[in-house]
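Chemist: Please see the structure below; I have some questions.
The values are calculated or read from the model by the stated rules, or taken from the named source; none is laboratory data. This is a predicted model, so every value here is computed, not measured. Glycine gets a Cβ as well: all are built from the backbone with ideal geometry, and neighbour counts include every protein chain shown.
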Amino acid sequence: MKKTPKAMILGTGRATPERVLTNADLEKIVDTTDEWIRERTGIERRFIAADHETNSQFAARAAQRALQSANISAEQIDIIVQGTVTGDVGFPANACYVQELIGATNAAAFDISAACSGFIYGLALADGFIASGKARYVLVIGCELLSRITDWKDRATCVLFGDGAGACVIGPSEGERGLIDTFIKSDGRLTELLCMKGRGTSIPLEVALAERKVFLAMQGREVFKYAVTAMGDASAHILEKNGMTSDDIDLFIPHQANLRIITATAKRLNVSMDKVYVNVQDYGNTSAASIPIAIDEAIEKKRLQSGNRCLMVAFGGGFTWGSALVQL
Ligand code: ACO
């Protein structure tokens with residue numbers, strides 16, 4: 001019988017804009033304070049793209065770094081999958097623009113719209129493609145320019161988000177290391193709690209513009225509650241399914257939305273904060289990019305090393321959520 005290949009992370013990369021927007025800068029834009037933002041979210045600064053910069057440029061830069069660290073050429077990539085809700089254009093897929101920028105001429109390229117869970121959804125797909133033998137190398141990217149869909153007049157949301165990109169090259173593992181399992185889920189009854197209504201086809205553009213429905217809208221308290229429950233459940237589920245407990249994990253990488261969501265999730269899972277990767281203070285919430293940025297940074301800082309077990313978990317609009325267990 002044909003042996004099922006195990007998928008593993010072969011290389012990682014990240015890219016962010018140069019411009020940094022601090023909480024002090026935000027105090028000049030909306031009625032807020034550094035203290036309020038730090039206390040409620042843990043965020044201190046975030047990267048914001050310049051007007052001329054695009055999602056595909058950052059995604060391509062992160063992808064090129066991941067290819068370099070994996071020692072794989074762009075032509076070897078079979079599939080490019082990008083988690084994003086802020087692509088360069090309405091269509092075609094942002095992954096197609098990335099494909100052109102990096103010269104991945106042999107790939108099929110497409111996007112996943114799963115908001116902040118986009119990277120974990122991408123990992124689940126990559127795992128399936130590699131295990132089924134349909135692909136050898138998959139480039140999974142999470143990249144968002146959330147600043148472009150942020151209402152800079154709404155203090156309840158504009159302090160939360162940032163721009164950035166992260167990418168991983170996924171390929172077959174030679175040994176036991178690799179993706180142990182992935183889990184994805186969604187609940188379409190809760191779309192209203194976090195959405196952007198006015199850039200689709202259900203509302204005429206002129207109405208959407210007049211009613212300011214062209215920005216991300218969120219019911220923060222509800223999102224908070226569901227995020228903690230869903231990320232806790234998705235983590236517990238994947239650990240239990242694979243006969244593990246949080247003691248078997250070397251590093252926990254939750255989606256970097258908000259420090260309070262991260263600490264509440266860790267508490268629910270009984271994981272001490274020294275095992276939890278946190279960089280939300282420097283990036284804000286970069287949605288689909290947050291986990292691949294964190295993986296790349298954690299490897300660079302040697303918080304994640306070869307052989308380490310890592311649990312990642314995400315939650316976002318849809319609602320969507322998911323987890324991934326990997327041995328690096
Ligand atoms: N600065 C100062 N005051 C503010 C600000 C701000 N930036 N934003 C809101 N306030 C005020 C409100 O107007 C309100 O004032 P009022 O009491 O006079 O009416 C007060 O602060 C409390 O507002 P709440 O919304 O109840 O504040 P809360 O404690 O819930 O914190 C927050 C808000 C930070 C958004 C929180 O609900 C949260 O973290 N939610 C999760 C949202 C999130 O992370 N979403 C990301 C997308 S989903 C994901 O990635 C998981």
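Chemist: Hey, among the residues in the stretch 102-116 that are of a type outside the set (S, T, N, Q) and either assigned by TED's automatic domain parsing to the domain that holds THR201 or under 27 Å from VAL214 (Cβ atoms) (or both), which one's surrounded by the most Cβ atoms within 10 Å (Cβ to Cβ)?
Modeler: Of the stretch 102-116, the ones of a type outside the set (S, T, N, Q) are 102-104, 107-112, 114-116.
With the extra rule that they be either assigned by TED's automatic domain parsing to the domain that holds THR201 or under 27 Å from VAL214 (Cβ atoms) (or both), the set shrinks to 109-112, 114-116.
On the way: ALA109: 21, PHE110: 16, ASP111: 24, ILE112: 25, ALA114: 28, ALA115: 27, CYS116: 31.
Residue satisfying both the conditions and the ranking: CYS116.
Chemist: Within the stretch 262-269, can one find any residue that is under 30 Å from SER56 (Cβ atoms) and either surrounded by fewer than 22 Cβ atoms within 10 Å (Cβ to Cβ) or within 16 Å of the ligand (Cβ to nearest atom) (or both)? First the steps, then the outcome.
Modeler: Filtering the stretch 262-269 for residues under 30 Å from SER56 (Cβ atoms) gives 262.
Imposing the further condition that a residue be either surrounded by fewer than 22 Cβ atoms within 10 Å (Cβ to Cβ) or within 16 Å of the ligand (Cβ to nearest atom) (or both) reduces the set to 262.
Yes, the stretch 262-269 contains a residue that is under 30 Å from SER56 (Cβ atoms) and either surrounded by fewer than 22 Cβ atoms within 10 Å (Cβ to Cβ) or within 16 Å of the ligand (Cβ to nearest atom) (or both).
Chemist: From GLU53, GLU35, which residue is within 13 Å of the ligand (Cβ to nearest atom), surrounded by fewer than 19 Cβ atoms within 10 Å (Cβ to Cβ) and either of a type outside the set (A, V, I, L, M) or part of a strand (DSSP E or B) (or both)?
Modeler: GLU35
Chemist: Free of Cβ contacts under 8 Å to residues at least 60 places away in the same chain, among the aromatic types (Phe, Trp, Tyr) and over 27 Å from ASN258 (Cβ atoms) - does that describe any residue in the stretch 96-105? Full working, then the answer.
Modeler: Our first condition is that a residue be free of Cβ contacts under 8 Å to residues at least 60 places away in the same chain; within the stretch 96-105, this holds for 96-105.
Checking the rest, the ones that are also among the aromatic types (Phe, Trp, Tyr) come to 97.
Add one more test, that the residue is over 27 Å from ASN258 (Cβ atoms), and what stays is 97.
The answer is yes; a qualifying residue exists.
Chemist: If ILE249 meets every condition in (1) under 30 Å from LYS197 (Cβ atoms); (2) away from the ligand (no atom under 16 Å from the Cβ) apart from one, which number is that one?
Modeler: Against the list (1) under 30 Å from LYS197 (Cβ atoms); (2) away from the ligand (no atom under 16 Å from the Cβ), ILE249 comes up short only on (1).
Chemist: Name the pairs whose Cβ atoms lie under 9 Å apart, with the first residue in the stretch 235-248 and part of a loop (DSSP other than H, G, I, E, B), the second modelled with pLDDT under 95, and 6 or more positions between them or separate chains?
Modeler: THR245/ASN270
Chemist: Under the condition of being in a loop (DSSP other than H, G, I, E, B) and in contact with an Asp or Glu (Cβ under 8 Å, 6 or more places away or on another chain), which residue from the stretch 306-323 is surrounded by the fewest Cβ atoms within 10 Å (Cβ to Cβ)? Before you say what the answer is, go through the steps one by one.
Modeler: The first filter runs over the stretch 306-323 and keeps only residues in a loop (DSSP other than H, G, I, E, B), leaving 306-308, 317-319.
Next cut, in contact with an Asp or Glu (Cβ under 8 Å, 6 or more places away or on another chain) only: 308, 318-319.
Numbers: ASN308: 17, GLY318: 21, PHE319: 24.
Within the stretch 306-323, the match that is surrounded by the fewest Cβ atoms within 10 Å (Cβ to Cβ) is ASN308.
Chemist: Of GLY87, GLY13, GLY42, GLY83, which residue is buried (at least 22 other Cβ atoms within 10 Å of the Cβ) and within 16 Å of the ligand (Cβ to nearest atom)? Outline the logic, then answer.
Modeler: Working: GLY87 fails: within 16 Å of the ligand (Cβ to nearest atom); GLY13 fails: within 16 Å of the ligand (Cβ to nearest atom); GLY42 fails: buried (at least 22 other Cβ atoms within 10 Å of the Cβ).
The unique qualifying residue is GLY83.
Chemist: Still on this structure, I have one more. Yes or no: ASP111 within 16 Å of the ligand (Cβ to nearest atom) and on the phi < 0 side of the Ramachandran plot? Can you show your working first?
Modeler: Working: within 16 Å of the ligand (Cβ to nearest atom): no; on the phi < 0 side of the Ramachandran plot: yes.
No: the conditions fail for ASP111.
Chemist: Okay, moving on. Got at least one residue in the stretch 140-152 being surrounded by 16 or more Cβ atoms within 10 Å (Cβ to Cβ) and over 23 Å from ARG19 (Cβ atoms)?
Modeler: yes
Chemist: What do you reckon, is PHE215 under 22 Å from THR320 (Cα atoms) and within 15 Å of the chain's Cα centre (by Cα)?
Modeler: Working: under 22 Å from THR320 (Cα atoms): yes; within 15 Å of the chain's Cα centre (by Cα): no.
For PHE215, the condition - under 22 Å from THR320 (Cα atoms) and within 15 Å of the chain's Cα centre (by Cα) - is not met.
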